[in-house]
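Presented below is the structure to which this report refers.
The values are calculated or read from the model by the stated rules, or taken from the named source; none is laboratory data. Being a predicted model, the structure only gives us computed values, none of them experimental. When we count neighbours, we look across all protein chains shown, and the Cβ atoms used for this are built from the backbone with ideal geometry, even at glycine.
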Amino acid sequence: MWCDVPGLHIYQIYYSQESRRSLDPGFIPLDNLDNERPDWREYWPIRKFLLDTALVDTDYYGFLSPKFRAKTHLDSATLHEFVHRHAPAADVLLFSPFFDQSAFYLNCLENCTVAHASLNEALWRQCTSLISPGFNAFGAVMCSANTVFCNYLVAKGTFWRSWLQKCELIFRAAEGHSGELAELLNAVIAHGGGSAPAKVFIIERVASVLLASERGWNVTAYNPMGMERVEQRFGSELIMMDALKLAYSVQGYEQYMQAFFQVRQFILNRLGISPGSTAVPAVSADAPAVPDTSG
């Protein structure tokens, strides 16, 4: 049975009876059997919940996909313990996988545009101008302290309310089905062995843009190196790169970023990837170059 603790509401989405049987019993099942809009992936059931529920500002909510344990190697007991340990000070708690990707790239938007050529800088600039006007998302330095993959976060009602407001800007633009932005958002992007509309990848990075552009949120991240092995190819370098970005975010000294790019170039040289190449580096020995960040 799920953790019945007042103020803590961690849901896990299911799409079929098979996916329901795979859920962690410590999470609250969130029914998406009707799956009315599969083109929006996890955003659709999360959106329905947030629109239909009167959120308590100080309560914690989370909406996880059935793949949560497979991607993070964490169970509900570990997640609940971490939330309780850091509540009520933390507004947002991150459980984001793919440490190698968040460490290697300057930010999750660069990661996305390198992995998916169709999600180009022009599309991102249009979207971020909606989400956070005036914020230079491509120049932002994101690290494990503010990068979110797969929407794997637990946050207070206040954050989810703000997140929904930002996501709805993208939702309305896509649902308008008119103009260049709608066309780009609804374009189908190849991903792994399948495909998904571009809007799915945009929505999944709204939380990262929100955390990077609004510094008022108190964020605590679960140790990303506690979810995946880092005793892998370039493990020490990846830890160093994340630490350099974190140090720059706190102190702003350019030497930290100069060192970050030097370490990154070292990895590219070792991989034999030339400057300006569009190849996506698989910096982890046991991970694909393009991880499955779609929930």
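Quick rundown of the values:
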{"quantity": "Complete set of residues in the stretch 218-274 that are within 18 Å of VAL148 (Cα to Cα) and either over 21 Å from the mean Cα position of the chain (by Cα) or in a helix (DSSP H, G or I) (or both)", "calculated": "PRO224, MET225, GLY226, LEU238, ILE239, MET241, ASP242, ALA243, LYS245, LEU246, SER249"}
{"quantity": "Condition met for VAL56 (assigned to a helix (DSSP H, G or I) and β-branched (Val, Ile, Thr))", "calculated": "no"}
{"quantity": "Answer residue from the stretch 3-14, given it is modelled with pLDDT of 95 or more and not aliphatic (A, V, I, L, M) and is surrounded by the most Cβ atoms within 10 Å (Cβ to Cβ) among those", "calculated": "GLN12"}
{"quantity": "Single residue of the stretch 177-215 satisfying the filter (closer than 15 Å to ILE131 by Cβ and acidic (Asp, Glu)) that is surrounded by the most Cβ atoms within 10 Å (Cβ to Cβ)", "calculated": "GLU204"}
{"quantity": "Output for the stretch 23-34, where each listed residue is surrounded by 15 or more Cβ atoms within 10 Å (Cβ to Cβ) and assigned to a loop (DSSP other than H, G, I, E, B)", "calculated": "LEU23, ASP24, GLY26, PHE27, ASN32"}
{"quantity": "Residue check for SER284: at pLDDT 95 or above, crowded, with 18+ Cβ neighbours inside 10 Å, on the phi < 0 side of the Ramachandran plot and polar (S, T, N, Q)", "calculated": "no"}
{"quantity": "When residues of the stretch 88-105 are limited to those that are farther than 17 Å from LEU74 by Cβ and in contact (Cβ under 8 Å) with a residue 40 or more places away in the chain, the one surrounded by the most Cβ atoms within 10 Å (Cβ to Cβ)", "calculated": "ALA103"}
{"quantity": "Conditions (1) outside any helix (DSSP H, G or I); (2) touching a Pro at 6+ places or on another chain (Cβ under 8 Å); (3) charged (D, E, K, R): number failed by ARG215", "calculated": "(2)"}
{"quantity": "Flag for ASP57 being of a type in the set (D, E, K, R), crowded, with 18+ Cβ neighbours inside 10 Å, touching a residue at least 60 places away in the same chain (Cβ under 8 Å) and under 23 Å from TRP217 (Cβ atoms)", "calculated": "no"}
{"quantity": "Only one of ARG69, ARG20 that is touching a strand residue (DSSP E or B) at 6+ places or on another chain (Cβ under 7 Å), surrounded by 13 or more Cβ atoms within 10 Å (Cβ to Cβ) and not in a strand (DSSP E or B)", "calculated": "ARG20"}
{"quantity": "Any helices (runs of 4 or more DSSP H) falling wholly within the stretch 81-165 and containing at least 1 residues that are more than 18 Å from ASP242 (Cβ to Cβ)", "calculated": "108-115, 121-131"}
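Quick grid of which residues meet (1) farther than 25 Å from SER236 by Cβ; (2) at pLDDT 90 or above; (3) of a type in the set (Asp, Glu):
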| site | (1), (2), (3) |
| --- | --- |
| ASP75 | yes, yes, yes |
| PRO88 | yes, yes, no |
| PHE95 | no, yes, no |
| PHE99 | no, yes, no |
| TYR105 | no, yes, no |
| ASN120 | yes, no, no |
| PRO133 | yes, yes, no |
| GLY157 | yes, yes, no |
| GLU168 | yes, yes, yes |
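Residues checked against (1) surrounded by 22 or more Cβ atoms within 10 Å (Cβ to Cβ); (2) in contact (Cβ under 8 Å) with a residue 60 or more places away in the chain; (3) within 21 Å of VAL263 (Cβ to Cβ); (4) in contact with a Gly (Cβ under 7 Å, 6 or more places away or on another chain):
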{"position": "ALA115", "(1), (2), (3), (4)": "no, yes, yes, no"}
{"position": "GLN126", "(1), (2), (3), (4)": "no, no, no, no"}
{"position": "PRO133", "(1), (2), (3), (4)": "no, no, no, no"}
{"position": "ASN136", "(1), (2), (3), (4)": "no, no, no, no"}
{"position": "THR158", "(1), (2), (3), (4)": "no, yes, no, no"}
{"position": "GLN165", "(1), (2), (3), (4)": "no, no, no, no"}
{"position": "GLU175", "(1), (2), (3), (4)": "no, no, no, no"}
